[in-house]
Amino acid sequence: MKANTNFTKLPQSYLFSEVAARIRDHKESNPESEVIRMDIGDVTLPIARCVLDAMHKGIEEMASTVTFRGYGPEQGYAFLREAISEGDYKSRGLDISPDEIFISDGAKSDLGNLGDIYSPDSVVAVADPGYPVYVDTAVMGGRGGDLTESGRWNKIVYADSTPENGFVPRPPKEHADVVYLCSPNNPTGVVFDRETLKEWVEYARREKAVIVYDSAYEAFVDDPAVPRSIYEIPGAQEVAIEIRSFSKTAGFTGLRCGYTVVPKALKASGENGEEVSVNRLWNRRQSTKFNGASYPIQCGAAALYSPEGRAAIKENIDVYKSNARYIKKKLSEAGFETYGGEHSPYVWARHPEQTDSWALFAKLLKEAGISCTPGIGFGRAGGGYIRLTGFNTPEKTREAMDRLGKVDF
Ligand code: MLT
């Protein structure tokens, strides 16, 4: 076959694969070193009992011809779509109906798969730094152009997040058709305020763009002044798709379940400028290419909307947030500038004397046995920074920060 050369244009490996490979190399050369993982945002607390019980029940149903289930609806079971519509939207005053919610096997897949429904020549805009899946999948879909010496793709529009704008990116001057935004942000941990999010919604309306709003970390927000959903901004249902995940909120990184909201009010333009329903396009894509998330996993996800499920989520998130606060405090004591770590599991940091992300990654790994994620891996504007996660256990987090406190920067 002939290769899809969009793939061959990409750097050799995905950021988190590269980080994992370097940790493996370090362990091979230093078998005695016990590395504390603070790089990838993988959770460590166990799954809530009510979720396990619901999954057991779902599995047991497979044992009888009466309750057995084969293929489920590609869009997800009604019981979960209804629980999400009520629990995450209607109860918060947002009118999102079950048929606007599509259950997935996680946010990452949908973030990539959405590229199927945009026109191939769409201009993509991203915040820099940003979750690498946005840029990588734009390039895979032929929307990146070429990688320039500056480390940026010449067809992608970048909105920088910098200390000057408080890591809250503003809409660019250039036109874009598809905009990826993330709040609470991965990697910076910073959240959008309502006013700035409004500016993005206005930009999307003006440019006839769609915003893909990654709110995988929304459950970390507990300040009512901070938006948890883009649909809190009037008019956003006409311009935004929202993507959420149970991974970080309920420990589903290994179980795999998330959802994507595609409002019926959202329209794309067709060949002759006519309106095309994006909900219908996405439904068509999903029914052809996806057979739905696993039934027992969806049973487990639905249990998260019970009072026990809600309490379990809060308990886990409180632990991760307390870890993040601790990391932030200890990094500051060690002379780092820090951002995020408040409505987020992520702390974004920079040391004035150590301004090469990969060199700082290597130093922490070698001298403290701590792995972090180098900020440059999230984009050019992430150069010089590192990201640490609060997803390890409180004990390991404290040990990691004790080790960090002994490093000479
Ligand atoms: C991260 O560490 O940024 C995330 O865990 C990666 C992911 O969710 O795929």
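The values are calculated or read from the model by the stated rules, or taken from the named source; none is laboratory data. The shown structure was predicted, so the numbers you read here are calculated from the model rather than taken from an experiment. We place every Cβ from the backbone using ideal geometry, glycine too, and count neighbours over all the protein chains shown.
Just to be sure I understand the filter: pairs with C-beta atoms under 7 Å, separated by 6 or more residues or on different chains, first member in the stretch 397-409 and part of a helix (DSSP H, G or I), second member among the β-branched types (Val, Ile, Thr) and buried (at least 17 other Cβ atoms within 10 Å of the Cβ). Which pairs pass? Pairs found: Thr397/Ile327; Glu399/Ile36; Ala400/Ile36; Ala400/Ile370; Met401/Ile327; Arg403/Ile370; Leu404/Ile370.
The set of residues in the stretch 273-300 being of a type outside the set (A, V, I, L, M, F, W, C) and either assigned to a strand (DSSP E or B) or at pLDDT below 95 (or both) consists of Gly273, Glu275, Ser277.
Scanning the stretch 252-266 for residues that are surrounded by fewer than 22 Cβ atoms within 10 Å (Cβ to Cβ), within 16 Å of the ligand (Cβ to nearest atom) and in contact (Cβ under 8 Å) with a residue 24 or more places away in the chain yields Thr253, Leu255, Arg256. The number of residues in the stretch 59-71 being part of a loop (DSSP other than H, G, I, E, B) and either within 29 Å of Cys182 (Cβ to Cβ) or not small (Gly, Ala, Ser) (or both) comes to 7. Scanning the stretch 210-222 for residues being more than 16 Å from the ligand (Cβ to nearest atom) and either modelled with pLDDT of 95 or more or closer than 20 Å to Lys267 by Cβ (or both) gives a total of 3.
Quick grid of which residues meet (1) under 18 Å from Arg22 (Cα atoms); (2) out of contact with any Ser or Thr (no Cβ under 9 Å at 6 or more places or on another chain); (3) without any contact (Cβ under 8 Å) to a residue 24 or more places away in the chain:
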site	(1), (2), (3)
Lys328	no, no, yes
Glu337	no, yes, no
Trp348	no, no, no
Leu360	yes, yes, no
Gly377	yes, no, no
Gly390	no, no, no
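Any residue in the stretch 185-195 that is more than 16 Å from the ligand (Cβ to nearest atom), loosely packed, with under 14 Cβ neighbours inside 10 Å and not aromatic (Phe, Trp, Tyr)? Yes, because at least one residue in the stretch 185-195 is more than 16 Å from the ligand (Cβ to nearest atom), loosely packed, with under 14 Cβ neighbours inside 10 Å and not aromatic (Phe, Trp, Tyr).
The set of residues in the stretch 368-384 being away from the ligand (no atom under 14 Å from the Cβ), over 14 Å from Arg37 (Cα atoms) and of a type outside the set (A, V, I, L, M) consists of Arg380, Gly383, Gly384.
Within the stretch 360-399, work out how many residues are β-branched (Val, Ile, Thr), buried (at least 22 other Cβ atoms within 10 Å of the Cβ) and more than 12 Å from Arg350 (Cβ to Cβ). Even if it seems obvious, please write down each step before you answer.
From the stretch 360-399, those β-branched (Val, Ile, Thr) are 370, 373, 376, 386, 389, 393, 397; that's our starting set.
Next, from what is left, pick out any that are buried (at least 22 other Cβ atoms within 10 Å of the Cβ): 370, 373, 386, 389, 397.
With more than 12 Å from Arg350 (Cβ to Cβ) added as a condition, the list becomes 370, 373, 389, 397.
Result for the stretch 360-399: 4.
Among the conditions (1) farther than 21 Å from Ser344 by Cα; (2) assigned to a loop (DSSP other than H, G, I, E, B), Gly189 misses just one, which is (1). Among residues of the stretch 12-29 being of a type outside the set (Phe, Trp, Tyr) and touching a residue at least 40 places away in the same chain (Cβ under 8 Å), the one that is farthest from the ligand (Cβ to nearest atom) is His26.
Among residues of the stretch 41-78 being among the small types (Gly, Ala, Ser) and surrounded by fewer than 15 Cβ atoms within 10 Å (Cβ to Cβ), the one that is nearest to the chain's Cα centre (by Cα) is Ala78.
For the stretch 36-48, the set of residues classified as part of a loop (DSSP other than H, G, I, E, B) and either hydroxyl-bearing (Ser, Thr, Tyr) or within 16 Å of the ligand (Cβ to nearest atom) (or both) consists of Met38, Asp39, Ile40, Gly41, Asp42, Val43, Thr44, Leu45, listed by residue number.
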